[in-house]
Structure formats: C-alpha cells, structure tokens
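The values are calculated or read from the model by the stated rules, or taken from the named source; none is laboratory data. It should be emphasised that the depicted structure is a prediction, and the values quoted were computed from it without experimental measurement. Positions of Cβ are backbone-derived with ideal geometry, glycine not excepted, and every protein chain shown enters the neighbour counts.
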Amino acid sequence: MEKPFPSFIRVEQGDPDVEILPEIYEQEFSKLYHLLNHIKIPMTNVNTNRRQFPYHKRMCFGLSRGRFTGVVGLSRDSLKYPEVFEEIMRIGDKYVPFKWTSVHLNHCLTCPPHKDDNNNGKSLLVSFGEYTGSHIVIEDYIYNTRHRPIMFNGSKLLHWNTPDLEGNKYSLVYYINDNCNARG
C-alpha cells in the first residue's frame, strides 16, 4: 500500500512547466525489462557519482562526449549492449516528442533534490518494472512516472524522488545533451 504524502506537497495538480503524456502500455517495456534483468548494470563510483547522490546502478545510452578525449560518439554502454540500446531507441522514437541525443538509465535510484547539469531544454522521464513508490517530485508536485512519461526542464526545475521505493525500478530519462548535437 502506498504511503501518504506530506501535506505540504501537492499531488499532480498540474505545474505548468510539467507535461504529463499518455500512459504507455506495460508490454512496451517487456523486452527491455527482460534484457536489463540479464545484464550487469554498473554501480557509480567516486569518479562518476554526482555529489550527494547515493551510489546507484546506472548506464548512459546514445551520444556522449568522451571524458578524456572530448570526442562525441555513441556511449560505451550503447556499443557494449547494442540490443538494449536498440530497444531504448525504439521506445524513444515511438514516445518521445522531441529529437533526443542521450538516455540516462537508472536502476532502483532514489534521487536527492537536484537540477540536471547537461540538459538542453525538456527531458522525458518514464519508469517501469515491478515496484511501488519512488515517485518524482518536481517543485513540490508529486508525479507517478510508472508507464506514464512526463516532460519537464530538469536543468531549471528542482526535482527528486520520494524515499519509499520497494521493488525493481528502472527509469529512462531522454534528453538533449548540451555537449552533443541533436539526432535525426
């Protein structure tokens, strides 16, 4: 059973800077969920972990800029797991209404309050898996992103997750990386 939210937080009352898109059928995520449950998703480390984020499992797909070379190209995860990347692209091309460059995948992450550094414009967030809780809070409004994508500008709006995650949650964040050119 879901825990009640603190009274100071408004639940989906429609922040004008957040757009809730139509729900996606759970079956759309079946293949990706199966693929992700059969690979080892790396844990953040001291060099890759954002300040104040808990250590968590994450991957980056799509375009990225090499940390040491500065060269823009497909991320290491895209090259190492082409079938996962293909499925992430299929979902993104079908449901994301802008030309995204990059996708951040989180596994069972509860984010502290933050703004995204490298996003250019709106991001689309959608979650899937066998879980409850861990809703996203954007500027004091709570949104349930399980199979329900939302768009917002993560570089301008403070956002975090409720700390009540139970189960196996994956989140996809499609965005335009400021360090890369748009796809398509």
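Taking the stated definitions as given, is Phe53 under 15 Å from the mean Cα position of the chain (by Cα), modelled with pLDDT under 80 and closer than 27 Å to Pro163 by Cβ?
yes
Out of curiosity, is Tyr143 surrounded by fewer than 18 Cβ atoms within 10 Å (Cβ to Cβ) and touching an Asp or Glu at 6+ places or on another chain (Cβ under 9 Å)?
No; evaluated as a whole, the condition is false for this residue.
More than 23 Å from Pro163 (Cβ to Cβ) and modelled with pLDDT under 75: does that describe Phe68?
yes
Does Asp77 count as farther than 17 Å from His38 by Cβ, within 16 Å of the chain's Cα centre (by Cα) and part of a helix (DSSP H, G or I)?
Criteria not met by Asp77.
Does segment 15-22 include one or more residues that are modelled with pLDDT under 85, in contact with a strand residue (DSSP E or B) (Cβ under 8 Å, 6 or more places away or on another chain) and assigned to a loop (DSSP other than H, G, I, E, B)?
yes
It is to be established whether one or more residues within segment 46-56 are out of contact with any strand residue (DSSP E or B) (no Cβ under 6 Å at 6 or more places or on another chain) and not in a loop (DSSP other than H, G, I, E, B).
Checked against the condition, which is being out of contact with any strand residue (DSSP E or B) (no Cβ under 6 Å at 6 or more places or on another chain) and not in a loop (DSSP other than H, G, I, E, B), segment 46-56 yields no hits at all.
Identify the residue in segment 119-140 that is surrounded by fewer than 18 Cβ atoms within 10 Å (Cβ to Cβ) and assigned to a loop (DSSP other than H, G, I, E, B) and, among all such residues, is modelled with the highest pLDDT.
Here the answer is Gly133.
Please determine, by comparing only the residues of segment 103-117 that are surrounded by fewer than 18 Cβ atoms within 10 Å (Cβ to Cβ) and among the charged types (D, E, K, R), which one is modelled with the lowest pLDDT.
Out of the qualifying residues, it is Asp117.
Taking Leu105 as the residue in question, decide whether it is in contact with a strand residue (DSSP E or B) (Cβ under 8 Å, 6 or more places away or on another chain), aliphatic (A, V, I, L, M), closer than 27 Å to Pro16 by Cβ and in a strand (DSSP E or B).
The answer is no for Leu105.
How many of the residues in segment 134-156 are over 15 Å from the mean Cα position of the chain (by Cα) and of a type outside the set (Asp, Glu)?
3
So is Ser171 under 16 Å from Ile41 (Cα atoms), within 13 Å of the chain's Cα centre (by Cα) and modelled with pLDDT of 95 or more or not?
For Ser171, the condition - under 16 Å from Ile41 (Cα atoms), within 13 Å of the chain's Cα centre (by Cα) and modelled with pLDDT of 95 or more - is met.
Please pick out the residue among Pro163, Pro112 that is assigned to a loop (DSSP other than H, G, I, E, B) and touching a Phe, Trp or Tyr at 6+ places or on another chain (Cβ under 6 Å).
Selected residue: Pro112, the only one of Pro163, Pro112 that is assigned to a loop (DSSP other than H, G, I, E, B) and touching a Phe, Trp or Tyr at 6+ places or on another chain (Cβ under 6 Å).
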